[in-house]
Each structure stands twice: as structure tokens, then as C-alpha cells.
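Have a look at the structure below before the remarks.
The values are calculated or read from the model by the stated rules, or taken from the named source; none is laboratory data. From a predicted model like this one, the values you see are computed outputs, not experimental measurements. Here Cβ is always computed from backbone atoms with ideal geometry, including for glycine, and neighbour counts include all displayed protein chains.
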Amino acid sequence: MTSQATKDATIKTGNPPYPYRTIISLILLAGNFLVAAIYFRIINP
């Protein structure tokens, strides 16, 4: 192995690696908090 191969295995860019996966996981997390708030009667629909 050369030292160049062990420095960085990934290419570094300014973008997050999985933007769509991050957005969908945040939407699911917000939905989870909404269901928990309804369950614990913080929000009464």
C-alpha cells in the first residue's frame, strides 16, 4: 500500500453524501414525533 491510497478513500465534495436519504429520514422523524405527541395527548386532533 502506498501512502496516497491510505490517506483518503473517499472523494471529498461540498455536498452531503446522501441528501435524499437525509431528507426522508428527517420527514419520518418529524412524523414519529407527531405520532408520539398525539399518543401522549400533547396534541388533540
What's the number of the condition residue 30 fails, among (1) in contact with a Ser or Thr (Cβ under 7 Å, 6 or more places away or on another chain); (2) at pLDDT 95 or above? (1)
If only one of 22, 13, 6 is modelled with pLDDT under 65 and not charged (D, E, K, R), which one is it? 6
Those residues that are modelled with pLDDT of 80 or more and not in a helix (DSSP H, G or I), I need them from segment 33-45; list them, please. 40, 41, 42, 43, 44
